[in-house]
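Here's the structure we're looking at; comments come further down.
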Amino acid sequence: MSSSANKNANLKFKRVDVSFIYGYVNHNLYKSMEPPKDESNGFDKIWAPIYNLNRSSDGFYVQDLKELIKDESIKVIGKNIPNGINAKLSTHVLRKRHNSSKPKETDGGPGCLTIKISVESSQNKTFDLKILHDILHLVPRVSDALPEDLSRIEGLEYFDKSEISGRVSRHSSIFKLFCNLLSENQKCWNELYLPPHEGCFEQCKSKCERFYSFYDPAHQIDPQIPYIFVEGFLPKEDFHKSFIAKNSDHSMYTNEIGCILERWLKTYNFEHLNLDYYSNYKNNDEMIDKDKGVFISRYRDKKAFTLFSSIVALLLKSEYDYNVPAAEITTNSLLSFLQFSRVQLHNALWLNKQLDKLVNEVCEQKTIVKILQSKEKLNVLKIKVARSMDNPIYYLWDSVFGQEIPTIKIGRSVKQLEEDTIKKLNLINELIADKIGILQLLDIHKSLN
């Protein structure tokens, strides 16, 4: 890091929590081994995402993975702090339906896994952007994913012995942790390009492979880059002066906040923040006060300063809670919003992947029997698409949203992807019908000659 970066760094943290939010779709067929007689396969019954705010046995719920990670003490090794940062690791999964006696045996469907890394300063000290950047660089940037730029985790070596760790060893340590935790926690999770897991039931094996794998095994960077939620606790005096007091001014933090939102690889790049870039956001995503040159908080709780970008959500607040749980409530509601957003996005990505593979399959088929098999698979995907339109975000409107949050880029991107999915599905449906018609005409032509 340059000396000027140290000199001009203004953000000082007492504690930082960084959550990495991964989406997934679970092909758990444990309860669908024998499909009902009137259904073609067991997939029809495992999708329906029932969104229940109480997260009862019929809806989504949060499960801490304490049996796998018990507030594990780890060390993050990065470029800025080569000797490492002592941190705490915790994880939880947001998923559907739960059998408390057999937690791996769920009904399947969409979900997300959140990995949180917490760093806290000693009693009378603070730390700056360098330590935060080392944590953020546990995952790559797609545009510049050189392995030497990545941080790594020490203290989880026992996972290296797993089969999945060997298969994803070339990827970042945080993605490897995600794969290990999910494979340990879910039966038949096979979004990775893997054969059915060891011990998978014989009846399950053929079904595990019925749909296409989600990840490209030849990919040289992490197959999935998580969404990141940064929660920074500032000293009480700093936060009150810059964010709460009348006529407060946080312009001294503007460049560093921009650096966090874009997750730049070089910390000193915050000195080169171009405010014009943020000023050109559409009005409903406006991030900069053009007159003051400062970022605008995007949440209704004044005691928590909140900003969103397409890759990072930033929540700044005081180490002191003002004797009210407002800041904690804000954190939990925003995390729920981000987790369900990731679930929704991953659903749409997974469905698009299946449709992309299916259209190639249909193009290569030369018999009506084979095309009808593809038609059967398309019908299952139609059910999945229809059921995934039941969006949990809408049910969280009052308890989670400030009035501006639904308009952020995340929501618009998912909506567009879902619309494209429906268009693609309809095109494939027409393609199958046309191919069946052509093959029928060819059969008639052959029978007449």
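Taking (1) modelled with pLDDT of 85 or more; (2) touching a His at 6+ places or on another chain (Cβ under 7 Å) in turn, Thr267 satisfies each apart from (1). Within segment 323-360, if we keep just the residues that are among the charged types (D, E, K, R) and crowded, with 16+ Cβ neighbours inside 10 Å, the residue that is modelled with the lowest pLDDT turns out to be Lys353. Considering Tyr299, Tyr320, the condition of being modelled with pLDDT under 85, surrounded by fewer than 18 Cβ atoms within 10 Å (Cβ to Cβ), touching a helix residue (DSSP H, G or I) at 6+ places or on another chain (Cβ under 9 Å) and of a type in the set (Phe, Trp, Tyr) is satisfied by Tyr320 alone. In segment 87-95, the condition of being basic (Lys, Arg), buried (at least 18 other Cβ atoms within 10 Å of the Cβ) and either in the same structural domain as Lys14 (by TED's automatic domain parsing) or at pLDDT 75 or above (or both) is met by at least one residue. Residues that are polar (S, T, N, Q) and outside any helix (DSSP H, G or I) within segment 173-188 comprise just one, Gln186.
A Cβ distance below 6 Å, combined with a sequence gap of six or more or placement on separate chains, defines the contacts here; from segment 332-358, residues that are under 18 Å from Thr114 (Cα atoms) and touching a residue at least 12 places away in the same chain (Cβ under 8 Å) reach residues that are polar (S, T, N, Q) and buried (at least 20 other Cβ atoms within 10 Å of the Cβ) in the pairs Asn347/Ser388. Assess whether Lys370 counts as being assigned to a loop (DSSP other than H, G, I, E, B), more than 27 Å from the chain's Cα centre (by Cα) and modelled with pLDDT of 80 or more. Answer is no for this residue.
Residue check: is Ile117 at pLDDT 90 or above, in a helix (DSSP H, G or I) and among the β-branched types (Val, Ile, Thr)? Considered against the rule, which asks whether it is at pLDDT 90 or above, in a helix (DSSP H, G or I) and among the β-branched types (Val, Ile, Thr), Ile117 comes out as no. When restricted to residues that are touching an Asp or Glu at 6+ places or on another chain (Cβ under 8 Å), within 19 Å of Leu150 (Cβ to Cβ) and in a strand (DSSP E or B), segment 216-246 contains 1.
Scanning segment 224-261 for residues that are at negative phi, surrounded by fewer than 17 Cβ atoms within 10 Å (Cβ to Cβ) and not β-branched (Val, Ile, Thr) yields Pro235, Lys236, Glu237, His240, Lys241, Ala245, Lys246, Ser248, Asp249, Ser251, Met252.
The values are calculated or read from the model by the stated rules, or taken from the named source; none is laboratory data. Every value quoted in this text rests on a predicted model; they were computed, and no experiment measured them. Neighbour counts are summed over all protein chains in view; Cβ atoms, including those assigned to glycine, are modelled from backbone coordinates with ideal geometry.
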